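Working notes, structure below.
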Amino acid sequence: QVQLVESGGGLVQAGGSLRLSCAASGRTFSIWSSGWFRQAPGKELEFVATINWSATSTYYADSVKGRFTISRDNAKKTLYLQMVNLKPEDTAVYYCATSSRDTALRPADFGSWGQGTQVTVSS
């Protein structure tokens, strides 16, 4: 089993930046793909970005493409999400997740989830 703990969320003005981190413990982190999802109040869980274990392949939701960057440091067992030019519609609880698949895009592909970190973007 993998335990995931997110950090780095907070309140930021529109146009600002935040960097989310997700620290993993338990089973080896580097052999799995990892991703970020978010859920705004009253809305369904939304895919944000995913990265494979070798960091050679990344996928982004159209809504964040060009503004968010997913990365990982396997030695530190940590996943990151750099967010720039944040918009009020980015306000949500952000979750990191890991998958046993090399490429994973759907929530059902991910077996371990963190508890989430709140990101609030004010206009």
(message) Give all pairs with beta carbons closer than 6 Å in which a residue from region 87-114 that is part of a strand (DSSP E or B) meets a residue that is acidic (Asp, Glu); count only pairs at least 6 apart in sequence or on separate chains.
(response) Cys96/Glu6; Ser99/Asp109
(request) Output the number of the condition that Glu6 fails; it satisfies all remaining conditions of (1) charged (D, E, K, R); (2) open to solvent by 30 Å² or more (accessible area, probe 1.4 Å); (3) not in a loop (DSSP other than H, G, I, E, B). (result) (2)
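So, in region 38-68, exactly how many residues are under 15 Å from Thr103 (Cα atoms) and in contact (Cβ under 8 Å) with a residue 24 or more places away in the chain?
Residues of region 38-68 under 15 Å from Thr103 (Cα atoms): 47-61.
Right, trim to in contact (Cβ under 8 Å) with a residue 24 or more places away in the chain and you get 47-53, 57, 59.
Selection size over region 38-68: 9.
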(request) Identify all residues within region 69-86 that are free of Cβ contacts under 8 Å to residues at least 60 places away in the same chain, surrounded by fewer than 22 Cβ atoms within 10 Å (Cβ to Cβ) and not polar (S, T, N, Q); write none if there are none. (result) Asp73, Ala75, Lys76, Lys77
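Being outside any loop (DSSP other than H, G, I, E, B) and either among the acidic types (Asp, Glu) or surrounded by 13 or more Cβ atoms within 10 Å (Cβ to Cβ) (or both) is the requirement here; does Ala49 meet it?
Taking the combined requirement at face value, the residue satisfies it.
The values are calculated or read from the model by the stated rules, or taken from the named source; none is laboratory data. Note that the structure is predicted; figures quoted are calculated from it, not measured. Neighbour counts are summed over all protein chains in view; Cβ atoms, including those assigned to glycine, are modelled from backbone coordinates with ideal geometry. Side chains are part of the model used for accessible areas, which takes the heavy atoms of the whole protein and leaves out ligands, DNA and RNA. Shrake-Rupley method; radii C 1.70, N 1.55, O 1.52, S 1.80 Å.
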